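Visitor: I have a structure here, written as structure tokens, and I will follow up with some questions on it.
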Amino acid sequence: YYTRIYADPIERDVVYVLNTGFYQSRDGGETFPRSYRVPHGDNHDLWIAPTDNQRMINANDGGGNVSFNGGDTWTDQDYSTAQFYRVTTTNHEPYHVCGAQQDNSTACTPSGGWNHLSNDAGGPNFLYSIGGCESGYIAPHPEDTDVFYAGCYGGSLSRYDHETGLTRSINVWPENPMGQSAEDLVERVQWTFPIVFSPHDADLLFTGTQKVWRTTTEGQSWQQISPDLTRAEPMTVGPSGGPITLDQTGVETYATVFAIAPSPHDADVIWAGSDDGLVHVTRDGTSDQPSWTNVTPPDAPDFVRINTIEASPHTPGKAYVSGIRYLVDDDRAPYVWMTEDYGQSWTKIVSGIEDDHFVRAVREDIVQPGLLYAATEETVYVSWDDGANWNSLALNLPNVQVSDLVVEDHDLVIGTHGRSFWILRGIDPLRQISSDMMGEAPTVLFDPKDPVRRFDNSVQFLYHLAEDAERVTFEFIGPDGEVIQTFASDGEVAGGGGFGGFGGGRPSASEGSHRYSWNMRYPGYTDFEGRIFWAAGNQGPAALPGTYVARMTVDGTVYEQDFEIQMNPRAVAEGVTMADLQERFDFAMQIRDRVSQANEAVLRIRAMKEQIDARQEEADNAELQALGDQVEEKLGAVEGEVYQVRNQSNQDPLNFPIKLNNKIAALLGGVEGAENRPTDQAYDVFGKLTGELDAQLELLTIIIQQDLQQLNELLQSLGLDPIETENLIS
């Protein structure tokens, strides 16, 4: 159904031909005895290095492969080059992203928060197929997250249950159309035909041929609810292909309903668009025989494919229509229209979109009315004024066809034809930008997404500085009004208490937009230089669910935003309560504080030993040398019970048993490893270890009161400063 011919840049008689296979001729094309085995079929492109014909890149329906030996072997297709026709998301928590990939299966993958799934399922980035095939829409069931409806060419439509693995064919008209012209088919079904659930009824599913159909019986039966809604002009429904061979696999079937959009406001309102340029709407869609009105935009050119219709999530009667026409007269212009009166009038809204960036889909933000996103042939665009003006939202997105997009909670999810799925996370700032910010933007701290425990590792803040600042600070304030932690652009950290565990770093004070994150934890334990622990990093206890405040201060001017740390819904479903988490938090704080006590004892001992060494160097006195060594030995014995002083590398704890501070610190990982209250045995171990720590701290007190006091008396008699025993930790 296509052929590409490439000449070897070095060997005159060598020719390559690409089709479903990949062939080579060494006699100028008279014969093609060699067929290359590439990782995937349907070969579309070939690059050969001009000075080294052994180096090749082949592009096919599976992606890209590289050869360094003239095609004898090829690299695997381990790159994110999937070609998705559409993208949809599920109601999992967090959501999954799904699409049908060219010449491969359908594919769903978690957006995050599913790392507990085993490697047998592919690990944290696993993919799973959900019926259908390469070309179709996917409609996840709104309530049962195991059930999916998916399409394939030839009108194939399947119901798939991921829990059981069972698939059922539920085609509207299960007659195989292969090789037939569109005009000969009872039901004309496009390669990519719509499959859409009603937002009002989880049992109501729509699909399209040249008509609109619905089922409330999971596809056991279908009811036609429209007449033919296409032009169906004779010149467009005849044989496709030729003159050598016809090409009628389903993608060429024309005059079909290509887009269906039920209104989220009124179950009676359903929009439909055809691939040959018509837009219809019904306002009695729940009746047995709905009536449909042709509301095609009057300035829509002939045969513009109505690729996507977006029924506004905010305004009844409002819709956005995206059309593409590159297959007609090579017209690559963008076509987007908006109506606010059920199609009685239309406004074309493409200002700011490049002339050749034709638009495949426009979606309205689910939170902010009039905030629009456009999927184009080259990138993503955004509009803050309901399409009156568009701006590029490319950011770090490579130049790629964006086939579809979905606004999902706090994210913008896109499917691309060649670069797989992409997610722009945390689009809340886009919802807060106003048109007056488009010029000289003021200093602002945007309202963040509310984080969910164990799904989100941090809370993310976007802020913009109108100009360079002398000092920027971030304070995080708990539900009790107390400052938990403070971070400053000049490196000062207040309210932290000790080293490590902050997760914030220094906020930028430079002009422009910046991102800052807080790991939603309290300060870690007091630390000391060179500490080596096993399985016990220094991070403070996790903040409880509740309402917090982020306070940004820029050269004395204060900006604040509230945010809520939310409970994990899976934990709630398992019966975890706020009281359980409070108990966990209180115990974690106790653990942290006891580790701090142990580490402060180490710091105190080391500071006293340093002073003893200094005094011994000041005076050449045998008695001082002997008594000082004796005191240091006793102090060292306590230190050695509190901390494994022989540790020099991260692997040393395998050779030298960990001591009290490490053992107590290691309890924190177990206590905070789950959203549950601590186990009884965790309290038992904590009690045992803290009892042993108390014994060492008591011994340290005795050494200070008796042995160190005797040493200080000797120092006084020698005219030397005594050993300081208090205020030794800064």
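Visitor: Quick one: which strands (runs of 3 or more DSSP E) sit completely within the stretch 139-243 and have at least 1 residues that are farther than 27 Å from ASP268 by Cβ?
Guide: The strands (runs of 3 or more DSSP E) meeting that bar are 147-152, 156-161, 166-169.
Every residue, every condition in (1) assigned to a helix (DSSP H, G or I); (2) surrounded by fewer than 17 Cβ atoms within 10 Å (Cβ to Cβ); (3) modelled with pLDDT under 95; (4) of a type in the set (A, V, I, L, M), yes or no:
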site	(1), (2), (3), (4)
ARG592	yes, no, no, no
MET608	yes, no, no, yes
ASP613	yes, yes, no, no
ASP620	no, yes, yes, no
LEU635	yes, no, no, yes
LEU667	yes, no, no, yes
GLY673	no, yes, yes, no
VAL685	yes, yes, no, yes
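Visitor: Among the residues of the stretch 394-401, is any in contact with a Phe, Trp or Tyr (Cβ under 7 Å, 6 or more places away or on another chain) and modelled with pLDDT under 95?
Guide: No - not one qualifying residue is present in the stretch 394-401.
Visitor: Answer yes or no as to whether ALA598 is touching a residue at least 60 places away in the same chain (Cβ under 8 Å) and more than 27 Å from ILE565 (Cα to Cα). It would help to see each step written out before you state the result.
Guide: Details: touching a residue at least 60 places away in the same chain (Cβ under 8 Å): yes; more than 27 Å from ILE565 (Cα to Cα): yes.
Spelling it out, ALA598 is indeed touching a residue at least 60 places away in the same chain (Cβ under 8 Å) and more than 27 Å from ILE565 (Cα to Cα).
Visitor: Residue pairs, Cβ under 6 Å, 6 or more apart or interchain, first in the stretch 47-70 and within 22 Å of THR20 (Cα to Cα), second hydroxyl-bearing (Ser, Thr, Tyr). List them.
Guide: Pairs found: MET56/SER67; GLY63/TYR79; GLY63/THR81; GLY64/THR81; ASN65/THR75; VAL66/THR75.
Visitor: Another question, then. Would you mind stating whether ILE306 is in contact with a Ser or Thr (Cβ under 8 Å, 6 or more places away or on another chain), part of a strand (DSSP E or B) and surrounded by 14 or more Cβ atoms within 10 Å (Cβ to Cβ)?
Guide: Numbers: in contact with a Ser or Thr (Cβ under 8 Å, 6 or more places away or on another chain): yes; part of a strand (DSSP E or B): yes; surrounded by 14 or more Cβ atoms within 10 Å (Cβ to Cβ): yes.
Yes, satisfied.
Visitor: Six or more apart or on different chains, Cβ under 7 Å: which pairs go from a residue in the stretch 679-702 that's more than 29 Å from GLN582 (Cα to Cα) to one that's modelled with pLDDT of 95 or more and of a type in the set (Asp, Glu)? Could you list them?
Guide: GLN696/GLU641
Visitor: Return yes or no: is GLY691 farther than 25 Å from ARG453 by Cβ, part of a helix (DSSP H, G or I) and out of contact with any helix residue (DSSP H, G or I) (no Cβ under 9 Å at 6 or more places or on another chain)? Talk me through it step by step, then tell me what you get.
Guide: On the way: farther than 25 Å from ARG453 by Cβ: yes; part of a helix (DSSP H, G or I): yes; out of contact with any helix residue (DSSP H, G or I) (no Cβ under 9 Å at 6 or more places or on another chain): yes.
Answer is yes for this residue.
Visitor: Another one. Suppose we filter THR236, THR167 for residues that are in contact with a Gly (Cβ under 6 Å, 6 or more places away or on another chain), surrounded by fewer than 21 Cβ atoms within 10 Å (Cβ to Cβ) and not assigned by TED's automatic domain parsing to the domain that holds THR20; which single one remains?
Guide: Being in contact with a Gly (Cβ under 6 Å, 6 or more places away or on another chain), surrounded by fewer than 21 Cβ atoms within 10 Å (Cβ to Cβ) and not assigned by TED's automatic domain parsing to the domain that holds THR20 holds for just one of THR236, THR167, which is THR167.
Visitor: I've got another one for you. Can you tell me how many residues within the stretch 1-17 are in contact (Cβ under 8 Å) with a residue 24 or more places away in the chain, of a type in the set (D, E, K, R) and surrounded by 12 or more Cβ atoms within 10 Å (Cβ to Cβ)?
Guide: Number of matching residues: 2.
Visitor: Continuing with the same structure: Out of the residues in the stretch 488-510 that are at pLDDT below 95 and under 28 Å from GLY112 (Cβ atoms), which is farthest from the chain's Cα centre (by Cα)?
Guide: Across the stretch 488-510, the extreme among qualifying residues is GLY500.
Visitor: In the stretch 228-251, which residues are in contact with a strand residue (DSSP E or B) (Cβ under 8 Å, 6 or more places away or on another chain) and at pLDDT below 95?
Guide: If we filter the stretch 228-251 for residues that are in contact with a strand residue (DSSP E or B) (Cβ under 8 Å, 6 or more places away or on another chain), which is where we start, we get 229-231, 239-240, 247-248.
Selection gives PRO239, SER240, ASP247, GLN248.
Visitor: Let me ask something else about it. Hey, SER67 hits all of (1) surrounded by 14 or more Cβ atoms within 10 Å (Cβ to Cβ); (2) over 30 Å from ARG168 (Cβ atoms); (3) at pLDDT below 95 but one; which does it fall short on?
Guide: Every listed condition holds for SER67 apart from (3).
Visitor: Among ILE225, ILE195, ILE270, which is closer than 20 Å to PRO140 by Cα, in contact with a Pro (Cβ under 7 Å, 6 or more places away or on another chain), modelled with pLDDT of 95 or more and surrounded by 15 or more Cβ atoms within 10 Å (Cβ to Cβ)?
Guide: Being closer than 20 Å to PRO140 by Cα, in contact with a Pro (Cβ under 7 Å, 6 or more places away or on another chain), modelled with pLDDT of 95 or more and surrounded by 15 or more Cβ atoms within 10 Å (Cβ to Cβ) holds for just one of ILE225, ILE195, ILE270, which is ILE270.
Visitor: Return the pairs, sorted by first residue and then second, in which the second residue is in a strand (DSSP E or B) and hydrophobic (A, V, I, L, M, F, W, C), the first residue lies in the stretch 205-220 and is more than 27 Å from ALA232 (Cα to Cα) and at pLDDT 95 or above, the beta carbons are less than 8 Å apart, and the residues are 6+ apart or on different chains.
Guide: Qualifying pairs under 8 Å: THR216/LEU205; GLU218/LEU205.
Visitor: Where in the stretch 1-64 are there strands (runs of 3 or more DSSP E), lying wholly inside it, with at least 1 residues that are more than 38 Å from the chain's Cα centre (by Cα) and not polar (S, T, N, Q)?
Guide: Once the strands (runs of 3 or more DSSP E) in the stretch 1-64 are filtered for at least 1 residues that are more than 38 Å from the chain's Cα centre (by Cα) and not polar (S, T, N, Q), what remains is 4-7, 15-18, 22-25, 52-60.
Visitor: Assess whether GLY41 counts as being in contact with an Asp or Glu (Cβ under 9 Å, 6 or more places away or on another chain), loosely packed, with under 15 Cβ neighbours inside 10 Å and under 30 Å from TYR149 (Cβ atoms).
Guide: In short, yes.
Visitor: Please enumerate the residues belonging to the stretch 252-284 that are closer than 19 Å to GLU233 by Cβ, outside any strand (DSSP E or B) and not polar (S, T, N, Q).
Guide: Matches in the stretch 252-284: GLU252, TYR254, ALA255, ASP275, ASP276, GLY277, LEU278.
Visitor: For the stretch 367-397, which positions are under 16 Å from THR308 (Cβ atoms) and either of a type outside the set (Phe, Trp, Tyr) or surrounded by fewer than 19 Cβ atoms within 10 Å (Cβ to Cβ) (or both)?
Guide: Hits for the stretch 367-397 are LEU372, ALA374, ALA375, THR376, GLU377, VAL380, SER383, GLY387.
The values are calculated or read from the model by the stated rules, or taken from the named source; none is laboratory data. Everything numeric here is computed off the predicted structure, so don't read it as measured data. All Cβ positions, glycine included, derive from the backbone under ideal geometry; neighbour counts span all protein chains shown.
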